[in-house]
Structures are given as C-alpha cells and as structure tokens.
C-alpha cells in the first residue's frame, strides 16, 4: 500500500469521525436551522471523495517519502528541544530561556567555539530585549529569576 | 469623497515622518528576511508580523505593507546569488539570474529584477486603485450564499493549483477548515473538538499556527538536511549594475508582457505569483529570438518572471481588499495580520474604514518606490547578511518563532500550538501535501461556516438557494469547472493520443 493510499484511508476514517461527532453536536436544530454539528458533517462528507481520489491516485503513483532514520532522529531531537524550551519559558522566563536555547543550539548544532557561542547568544538576548521588551513592551514571563 | 481624494488622504498619512520610517523599516526587514535562504515571503511575513503588535493600527498596516513588499522581492536576491530561491515565485528568476551571477553579471540581474518589479508593481497598484472600489461595490451585493460560493471557489482553486496532487491540495484545505472548527461554536456556545482544553475554547489562533507551520517547519527541515550555502560574489557598484542598451532593448517588452500576464493570473485565487512567473518565462522563451540563451543567462529571462510575480503579488490584493478573499498564502497571512486590528478585508472595509484601505494602497505606492531605491543603493550590505551561516540563521528563526508566537496573545500555550503546527508542517512537507491551502482554510473557515449556516437558515435547509441566485450559481459553476478541468483535459488527451501513435511510430 502506497503512502497516498494510507493517507486516503486515514482521510476517510477522519471524515467518518467528523460526521459521527458532528451528529453528536447537533446537525440540525429545530426552528433555528443548522446546528453546531452541521459544518463538521459537511467537512466529513467532503473528505470522502478526496479520500477516494487519494487511494486511486496512490495505486498508480505509489511514491514513497524520502525518510531516513538519521534525519527523523535529528527532527525528533529538534522538536524535543523546542518542547523543553517552551516548558522552561514558564520556569526561567523568556529571556533566560531564549539565551540558553541559542547557547545550546550553536554549541551542539553549529559546533562553534565557546567565545563565539556566548557572544552570539548574548547578542540574541539583547536584540530580543531591545525589540520586544523596550520597543514593543511585551510582558514576557520572568519565571523564578527576575529577568 | 471620490477615489482620488481618498488616495490623497492616504498619501498624506503615509508621508508623516513616523509612518515613512515604519515603511522603510518594513521594506528593509522584509527584504532581508525574505532573502534568507529557505525562508521566503510567507515565512518572512509570518515571522515579522509580531514586530507590528505594539503599534497603532495605521503604522502597523503601513509597516506590514512594507514587509510584504520587501519579502516578495527578497526571494529574488537569494535565487540569483545563492541559487536557492527564497520562495517558489523566484524559481524561474533564478534559472537565468544565477547563470548571470556565475558570469559575473549578478548585479545587472538584480537591477533588472528590481526595475521589472517596480514597473509591474506600479501597474498593479494602479489597477488596484481603479478596479478594487467598483469590485467592492459589487461585493456589497453578496449575501450568505454568494459569500459561501466565493469562498468555496477560492479554497478549491488554491487546493487544486498548489502542489503536485489536486487531491492533496483539497485535503490540505479541508484540514484548514477542520482546524477552524475547533473551539466554542459562536451560535450555540457548544465546545467542539476542544478535548477539554480550556485554551482551545476560543479556537485555534491563526498566527501561532502560521509561525509554526512556516518558521518551525523550516528549522526541522533544515535539521534533517543540514544544507549549507555559498553566496556568489558580484560587483554591485552603481555603474556595474546598470544593464547595457542591448539588455534594456531585449528586456523592455519582456517586462511589459510579464506585467500583464502576472496581473491577470494573479487575480485568480490560488494561481498566484508562482504560476504567473512560470507562464511568463515560458511565453517569453517561446516568443524570443534569443530562445537559445534562456537557461544560460538571458537577462529577459530574469525581467519577465520577476515582473510577472510582482504584478501577481499586487493583483492578489484585488480579491483580498474588495471581496475579502486572499489569493495566496502570503495574502492570507497578511489578512490574519489585518484582522488583529479588527480590520476585516472585504467590501465593507471600503465603506466603513476607507482611511485604512486608502492608507494601505498609498503605502503600497511608497513601498514600491522604496524597494527600487533600496535595491539600487543598499544591496551590498544586504548581501553581507545573506552570508550568515546556516546554523546561526536557524537559531534566529527558532528564537523569532518562539518569541513571535508568544507575543501575539502573551500566551505560552500559543508557543505549544506553534510547535504542533511546525511538526504538522514537517510531515505535510514530507508527504508532499501543500501548506498554503491549510492557511487559507484556517483563515476563511469561520466565515465560510457562518455563510453556509445562514444560507441554509434562509432556505430552511434547501440547497436550491445556491442554484437560484445568479451570482452564487455562476461561482459554483466556476468551482465545478475547476474541479472537472483536469479530468476533461485528461480525457481529451487520451482521445487524441491513439490517432498520434501511428504517426509517431512511422517517424
């Protein structure tokens, strides 16, 4: 089964779920017309012919995406780094977290020497402070540190 | 007041020193970030939008226009000097532009691209000034069925025309519409698909998704490829960038043709700047006496697609401002930005807030001129910025994405949303599902749902309401033609091919 066919089957199942959920929300409300479930049901119905096109197209094309294990590992690590950073924003504040993120990124991904890494991270934090805190007056979370 | 008086008022507003400064900052920032390899115009506008958050609406809109303009042109610089087009609209410009750069004539290529963009942009804005107001007056006659039919046409055409597979384009548009459904239903107050998450009750905000799906996705894709780039050296002194008389002679009609093709292609939602540049390049090559030079460094091969993509970028404003329908992903992002200030592009905006519309249009004239000035005088320092190493650039994009997503609503949850959208964007990219239809679906979704529900309320559930009103019927026929055109084309080709085969066999 090609990726497009799998995508088509998933789209069809997703569409059926939308119809089922939509009917639960209330497809039609007496006297007032279409209810909150009306639009999800319409979307679910529209997904069905699209799913058929994907499955039929997938049978003739049968293309595989260019995935590699090392590439996926790098993307997973990147997404995890983003997630940890977001989690840290509430604990350490925006400016400290952004500085840490830049520091770690430039050292591990860029493999730059420490003096350059520190200078670039400090520059980034200063730029964020000048633009967002001083100029645009965005109230950044400060976390446990007063920064 | 008539059109010209409003436009004059708009110019008076833009020429206030503070507004002019924001326009310059917007053009320069847009050009720099749009030129950075792998970022391009949509990501550029999305990443720079947060810069306008603390401003008054007029300054913000003027700066946004500058950003949009700068980003649209920025892609050309990286296409010519690095051979990595900033966005798909600059692919054709890069074909001959980079060849010229390899021959040491990168400066002329960039100058011709700037002049072509300026002429095309000026023509486009003039057409916008003349035709958007009457189209908006026509748009005022639209009721819910016409609005719903128009949005369906926009979504279908964008879904159908972007990417390699029409089915994937439509899937992407439906995904965007689904994301727009999440949240509390505005009519009944019932939560839909919120999974009990309180932050989702207000729905999925547009801008964090856009920042994630364009900014964070780029970072993830780069982590996978670890691509590096090298900026070509080019002599960019004022004398060195001026094209010769012969180059002007071969380029002037290419600019005119590119401008006209670009404008009319750009009017159609979904077709946009990329299609316009492909079409104008192909027509130019077929009609040129120097066809053998195309792909090897023909300057008209830069002038034509560059004029076309700029004219198309302006043309996309016509349906956006007059009917409230963005014709491309970039204009959809821009629409999201305008909506932050409570300005809903569409026919009512011309009637209710003319000072904003005409301020916006006047700022386009000014941004167009500034772009020409910036590109003839300030290219060398910008090229130095292009030389930023890839890891540093991606660190900057990451930081802008995190901070930008947060400061839309001062919410950490929005950064999580941006990350989710970034991961989604990565998988869409790998599965070759085009991203622009998701963005359009998300921005048009709430209005499409309202228009459909109101239509069915008016008709008491009958679909006949869409077929008995001439404008709605016309728009639905156009949608049906769009959907069936590839199938009809395929059938016609299949019918012709058996009669050709023997001839080919004989030859």
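Quick one: if the Förster radius is 30 Å, what FRET efficiency do residue B:56 and residue A:126 give, using the C-beta to C-beta distance and rounding to 0.05?
Working: r = 26 Å, r/R0 = 0.88.
That gives a FRET efficiency of 0.70.
Can you give me the distance in nm between label points at residue B:290 and residue B:5, each placed 7 Å from the Cα along the Cα-to-Cβ direction?
5.0 nm
Can you tell me the 0 to 90 degree angle between the C-alpha axis of helix A:3-25 and the longest principal axis of chain A, rounded to 10?
Compared with the principal axis, the helix lies near 80 degrees.
To the nearest µm²/s, what D does Stokes-Einstein give for the stretch A:3-61 at 25 °C and 0.890 mPa s, using the Kirkwood radius over alpha carbon pairs as Rh? Please report the intermediate quantities before stating the final value.
Values: Rh = 11.9 Å.
Rounded to a whole number, D works out at 207 µm²/s.
Can you give the mean number of other chain Cβ atoms that lie within 10 Å of the Cβ atoms in peptide B:173-179? Display every interim value, and only then the final one.
Details: counts 2, 9, 4, 0, 5, 8, 0.
Across the residues of B:173-179, the mean count of other-chain Cβ atoms within 10 Å is 4.
With a ≥ b ≥ c the root eigenvalues of the C-alpha gyration tensor of chain B, is it rounded (a/c under 1.5), prolate (a/b larger than b/c) or oblate? All intermediate terms of the calculation are to be shown ahead of the outcome.
Working: a/c = 1.41, a/b = 1.21, b/c = 1.17.
Judged from the Cα gyration tensor, chain B comes out rounded (a/c under 1.5).
Which of the peptides B:450-459, B:239-248 is most tightly packed, and how do the rest follow, going by the mean number of other Cβ atoms within 10 Å of each residue?
Values: B:450-459: 19.4, B:239-248: 13.8.
Top of the packing list down: B:450-459, B:239-248.
Suppose only helical runs count, i.e. DSSP H with n ≥ 4. What mean residue ellipticity at 222 nm does that imply for chain B under -39500 (n - 2.57) per run, divided by all residues and rounded to the nearest 500 deg cm²/dmol? Working shown, then result.
Working: 23 runs with 372 residues, N = 507.
Helix-only estimate at 222 nm: -24500 deg cm²/dmol.
Taking the inverse of the average 1/r across all pairs of different Cα atoms in chain A, what Kirkwood radius in Å do you get? Intermediate values should be presented prior to the final figure.
On the way: mean 1/r = 0.0499 Å⁻¹.
Mean inverse Cα-Cα distance, inverted, gives 20.0 Å.
Report, in whole Å, the centroid distance computed from the Cα atoms of the stretch B:305-383 and the stretch A:1-79.
34 Å
Please give the helix A:94-108 orientation as an angle from the longest Cα principal axis of chain A, in degrees from 0 to 90, rounded to the nearest 10.
90 degrees
Residue B:226 to residue A:30: FRET efficiency via 1/(1 + (r/R0)^6), r the Cβ-Cβ distance, R0 51 Å, to the nearest 0.05?
Details: r = 60 Å, r/R0 = 1.18.
That gives a FRET efficiency of 0.25.
Express in % the proportion of alpha carbon pairs of the stretch B:248-310 at distances exceeding 17 Å.
Working: 575 of 1953 pairs.
Distances greater than 17 Å cover 29 percent of the Cα pairs.
Spin-label point model (7 Å from Cα, Cβ direction): what's the residue A:56 to residue A:70 distance in nm?
So the label points at residue A:56 and residue A:70 sit 4.2 nm apart.
Determine the distance separating the Cα centre of the stretch B:164-190 from the Cα centre of the stretch A:86-147; give it in Å without decimals.
35 Å
Pick out which of A:93, A:26, A:76 has the largest mean-square fluctuation in a Gaussian network model of chain A, springs linking Cα atoms closer than 10 Å.
Of the options given, A:26 has the highest mean-square fluctuation.
Let me check against my output: what whole-number percent is the relative contact order of chain B, with C-alpha pairs under 8 Å and at least 6 apart? Intermediate results must be reported in sequence, preceding the final value.
Numbers: 955 pairs, mean separation 134.3, N = 507.
Computed over chain B, the figure is 26 percent.
Classify the stretch B:285-443: rounded, prolate or oblate, from the alpha-carbon gyration tensor (a ≥ b ≥ c, eigenvalue square roots; a/c under 1.5 rounded; otherwise prolate if a/b is larger than b/c)?
On the way: a/c = 1.61, a/b = 1.19, b/c = 1.35.
Oblate, since a/c reaches 1.5 and b/c is not below a/b.
Going by a ≥ b ≥ c, the root eigenvalues of the Cα gyration tensor, does the stretch A:69-135 fall in the rounded group (a/c under 1.5), the prolate group (a/b larger than b/c) or the oblate group? Can you show the working numbers first?
Values: a/c = 2.58, a/b = 1.39, b/c = 1.87.
Oblate.
Rounded to two decimals, what is the ratio between the C-alpha radius of gyration of the protein assembly as shown and 2.2 N^0.38 Å?
Numbers: Rg = 24.7 Å, N = 654, 2.2 N^0.38 = 25.8 Å.
Expressed relative to 2.2 N^0.38 Å, the Cα Rg reads 0.96.
Compute the long axis of helix A:114-128 from its Cα atoms, compare it with the longest principal axis of the Cα atoms of chain A, and write down the angle in degrees, 0 to 90, nearest 10.
70 degrees
Expressed in nm to one decimal, what extension gain is obtained for the pair residue A:91 and residue A:10 from 0.36 nm per residue of sequence separation less their Cα-Cα distance? Before the final figure, lay out each step's value.
Working: separation 81, 0.36 × 81 = 29.16 nm, distance 3.85 nm.
Extra length from residue A:91 to residue A:10 when fully extended: 25.3 nm.
Laboratory data are not the source of any read-out in this text; all were calculated from the coordinates shown. Just so it is clear, the model here is predicted, and its values are computed rather than measured. Cβ atoms come from the backbone with ideal geometry, glycine included; neighbour counts cover every protein chain shown.
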